[in-house]
Amino acid sequence: MSAKQKMFPNLRSAVISIAVVALLLTFAVFAIDRNNVNRLGGYHKSALAELQKVEAHLSLRLGYATTLSSLLGQGENASKLASLVALAGQARSAGEISETYLAMDAVLALLQKELFADAAYRTYAPYFEKMYEEELLLTEVLLSYHAKADYYNRQKHAFPAVLTANRMEMKDLPLFAFSAALKGRP
């Protein structure tokens, strides 16, 4: 284009061109926003499905611990287990669940060592075995949940999804802090 050529031949074509560009930009912003809503919603839904599996395994493990606690008589570790079982039933946040899980795990380890020499250990052994089986299953679903929750959290904080997440008040998904205890099993 030479310096003397006009970009628009008249005012009407300039207004139409600017209106079309503005309309296309507006459409693009809405399309990007809708894409981010759908994308983040899918990641969130996928992570929540894994969280439900984690909660189901935690609930089963807690059920076995509850039954074991009711079978045990009196004793220091048995009373600690009973109080932790009650506390675990009330825990709601990932931090509280992790804290009670780790405390219960330590008490169960001591209790199993204490009961191993007892003649009635055969009565209690199936509960310890079932809790161990649940831990193995929990390890798998917890890793899957952490991967999906971490991915969702990272995607939510990336631009331009952060704008959509802030507008929709999307919260980060919590991560549990007891995966190290699961990895330490023999």
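Data table
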| item | result |
| --- | --- |
| Percentage, to the nearest whole number, of Cα pairs in segment 88-186 over 23 Å apart | 43 |
| Computed P(r) (all Cα pairs; segment 68-146; 10 Å bins; percent) | 17, 48, 29, 7, 0 |
| Projected label distance in nm at VAL15 and SER83, using a 7 Å step from Cα toward the beta-carbon | 8.0 |
| Gyration tensor over alpha-carbon atoms, segment 10-71, equivalent ellipsoid semi-axes in Å | 59, 6, 4 |
| For the chain, convex hull volume per residue from C-alpha positions, Å³ | 134 |
| The chain - accessible surface per residue (Å², probe 1.4 Å) | 64 |
| ALA119 paired with ALA56, simple spin-label distance in nm, labels 7 Å along Cα-to-beta-carbon | 4.2 |
| Charge dipole magnitude, Cβ of K and R +1, D and E -1 - the chain, Cα centre, debye nearest 20 | 1420 |
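The values are calculated or read from the model by the stated rules, or taken from the named source; none is laboratory data. Predicted model only: the values in this text are computed from it and were never measured. No Cβ is skipped: glycine too gets one built from the backbone with ideal geometry, and neighbour counts run over all protein chains shown. In case anyone asks, the SASA skips ligands and DNA or RNA and just uses the protein heavy atoms, side chains included. Shrake-Rupley method; radii C 1.70, N 1.55, O 1.52, S 1.80 Å.
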